[in-house]
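Comments concern the structure below.
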Amino acid sequence: MTSTTLSSGEPFGSWLDDPLHRAFLAREALRQFAFFRASPRESGGFHLLDRDGSPRGGSIEELHTTTRLVHSYALGKLAGVRGSEDIIDRGISCLWRRHRDREHGGYVWAFDGNRVHDGRKLAYGHVFVLLAAAGARLASHPDAERLIVDVETILDRHFWEDRPGLFADEWTRDWTSLSGYRGMNANMHAVEALLAAFEATGHPRWLERAGRILDFFLNRIAPAEGWRVPEHYTADWLIDRDYRGDPMFRPAGTTPGHSFEFARLLLQYWDLRGRPADGAPDVARRLVERALADGWDTERGGIVYTLGHDGRPAVRARYWWPVTEALGAVAALIKLQRNPADEVWYRRLWRFAEAHFIDAERGGWHPEIDNEGRPAETLFRGKPDLYHSVQAALFPLAPGLSRMAMALPLLDSVAEAAR
């Protein structure tokens with residue numbers, strides 16, 4: 001391979017700079033935003049959507065659905081997507097008036113109509129409230145600030161454990177019982193939310209806490225685990241290798257998808273700190289390269305869902321979100337330094353996504369594919385999420401590693417530029 005060609009024989013030049021690819025990304029993001037415009041319920045809150053964009057039915061609404069829609073459409077508003085304000089406003093109102101627990105404080109995981117369906121208080125849910133509030137603040141929503149203040153108080157009072165510099169995971173609704181479980185996933189998404197809150201407010205404590213979480217998982221745990229990041233821990237933050245959990249939010253072992261996400265967040269944090277000489281880009285690259293080597297299915301394509309602690313595939317199901325996170329992480333490495341090997345992966349991932357996950361006819365991404373690469377529904381039904389796939393399209397369009405929300409181009413303009 002020379003400096004002017006890729007291993008595939010294609011000319012070397014980054015798709016991140018290519019007007020045709022950028023137009024594809026913009027059009028794909030716009031199609032996703034259009035598809036999920038069907039989410040609002042007439043009675044307030046949001047539907048989950050079926051494959052064709054129709055409401056799936058059912059009245060239960062979970063916290064992560066509302067918060068992720070708010071965050072995604074906040075990005076949409078900043079990228080000039082018309083109608084985004086309605087989703088943001090509806091979501092912020094739903095968080096404040098329905099998910100917020102007026103009796104005990106904090107935010108319940110799920111409600112059914114106006115009745116609490118699942119009153120657990122999860123760090124995972126609360127950090128997504130912070131992420132939604134930070135996005136809404138960047139999008140100039142008038143109620144975002146009070147939401148930030150409220151959820152910050154809850155995170156400080158009930159979840160943050162200052163000695164390890166990490167968040168605990170799960171309380172009962174009335175805060176009388178704290179689970180002994182500790183999890184990587186909630187803390188990884190906490191980094192995402194903390195960095196967004198720092199970008200929205202400038203308060204340094206958000207950045208400092210994100211750094212402590214990243215230090216634990218990426219400087220202490222990952223190097224000792226072959227550059228993989230175990231999902232589950234005991235109350236004293238020892239790896240719990242026997243934990244089985246649930247397949248959606250707490251899968252056993254390690255997940256390549258979370259390594260990609262951690263790598264991108266580490267580079268965002270490093271960039272926000274002024275790019276110190278601390279080795280963060282090398283750590284990010286090790287995470288990405290390990291996850292690609294472990295996770296890419298060489299026979300079928302795509303990324304397997306989970307690995308055992310020895311790095312061998314455990315659950316070979318192929319979902320959309322690990323591919324979206326791989327795209328974001330590889331795009332971040334390309335932004336840092338143009339590298340032919342990274343470009344090969346970036347193109348391979350997008351081609352696989354376009355062939356198997358993107359629904360070119362109706363919009364949105366299929367969340368799962370079967371052994372033959374066709375849409376399947378075993379763990380996920382319908383099209384449950386905008387958050388992962390729309391950011392895969394948006395992040396490569398932003399010029400840097402951090403402050404993506406404020407640096408997004410107007411999608412209509414990018415989409416039309418290559419016509």
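Quick look at the values:
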{"quantity": "Test: residue 196 is out of contact with any helix residue (DSSP H, G or I) (no Cβ under 9 Å at 6 or more places or on another chain), of a type in the set (Gly, Ala, Ser) and closer than 30 Å to residue 292 by Cα", "calculated": "no"}
{"quantity": "Test: residue in the stretch 35-42 that is within 17 Å of residue 111 (Cα to Cα), at pLDDT 95 or above and part of a helix (DSSP H, G or I)", "calculated": "no"}
{"quantity": "Subset of the stretch 60-92 (residues that are of a type in the set (A, V, I, L, M, F, W, C), assigned to a helix (DSSP H, G or I) and more than 26 Å from residue 409 (Cα to Cα))", "calculated": "63"}
{"quantity": "Selected residue (criterion: farthest from residue 306 (Cα to Cα)) from residues of the stretch 226-238 that are out of contact with any Gly (no Cβ under 7 Å at 6 or more places or on another chain) and touching a residue at least 60 places away in the same chain (Cβ under 8 Å)", "calculated": "237"}
{"quantity": "Test: residue in the stretch 171-193 that is out of contact with any helix residue (DSSP H, G or I) (no Cβ under 8 Å at 6 or more places or on another chain) and in a helix (DSSP H, G or I)", "calculated": "no"}
{"quantity": "Unmet criterion (only one of (1) under 23 Å from residue 248 (Cα atoms); (2) in contact with a His (Cβ under 9 Å, 6 or more places away or on another chain)) for residue 350", "calculated": "(1)"}
{"quantity": "Among the residues listed as 33, 46, the single one being surrounded by 18 or more Cβ atoms within 10 Å (Cβ to Cβ), out of contact with any Pro (no Cβ under 8 Å at 6 or more places or on another chain) and among the aromatic types (Phe, Trp, Tyr)", "calculated": "33"}
{"quantity": "Search result, residues across the stretch 194-225 that are among the basic types (Lys, Arg) and either outside any helix (DSSP H, G or I) or closer than 22 Å to residue 403 by Cβ (or both)", "calculated": "205, 209, 212"}
{"quantity": "Selection from the stretch 45-59 of residues that are in a loop (DSSP other than H, G, I, E, B) and either closer than 19 Å to residue 387 by Cβ or of a type in the set (Gly, Ala, Ser) (or both)", "calculated": "45, 47, 48, 50, 51, 53, 54, 56, 57, 58, 59"}
{"quantity": "Condition met for residue 127 (farther than 23 Å from residue 40 by Cα, buried (at least 22 other Cβ atoms within 10 Å of the Cβ) and at pLDDT 95 or above)", "calculated": "no"}
{"quantity": "Selection status of residue 244, within 17 Å of residue 184 (Cα to Cα), among the basic types (Lys, Arg) and crowded, with 20+ Cβ neighbours inside 10 Å", "calculated": "no"}
{"quantity": "Test for residue 176: is it at pLDDT 95 or above, of a type in the set (Val, Ile, Thr) and over 25 Å from residue 94 (Cβ atoms)", "calculated": "yes"}
{"quantity": "Unique match (being touching a residue at least 60 places away in the same chain (Cβ under 8 Å) and among the aromatic types (Phe, Trp, Tyr)) among 395, 357", "calculated": "395"}
{"quantity": "Verdict on residue 299 being more than 18 Å from residue 260 (Cβ to Cβ), acidic (Asp, Glu) and surrounded by fewer than 20 Cβ atoms within 10 Å (Cβ to Cβ)", "calculated": "yes"}
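For every residue, the table says whether it meets (1) surrounded by fewer than 17 Cβ atoms within 10 Å (Cβ to Cβ); (2) more than 28 Å from residue 231 (Cβ to Cβ).
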{"site": "87", "(1), (2)": "no, yes"}
{"site": "108", "(1), (2)": "no, no"}
{"site": "159", "(1), (2)": "no, no"}
{"site": "162", "(1), (2)": "yes, no"}
{"site": "172", "(1), (2)": "yes, no"}
{"site": "176", "(1), (2)": "yes, no"}
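Matching residues to (1) outside any strand (DSSP E or B); (2) in contact with a strand residue (DSSP E or B) (Cβ under 7 Å, 6 or more places away or on another chain); (3) modelled with pLDDT under 95; (4) on the phi > 0 side of the Ramachandran plot:
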| residue | (1), (2), (3), (4) |
| --- | --- |
| 227 | yes, no, no, yes |
| 235 | yes, yes, no, no |
| 245 | yes, yes, yes, yes |
| 266 | yes, no, no, no |
| 275 | yes, no, no, yes |
| 281 | yes, no, no, no |
| 292 | yes, no, no, no |
| 299 | yes, no, no, no |
| 305 | no, yes, no, no |
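The values are calculated or read from the model by the stated rules, or taken from the named source; none is laboratory data. No experiment lies behind these values; they were computed from the predicted model shown. Cβ: placed from backbone, ideal geometry, glycine included. Neighbour counts: every protein chain shown.
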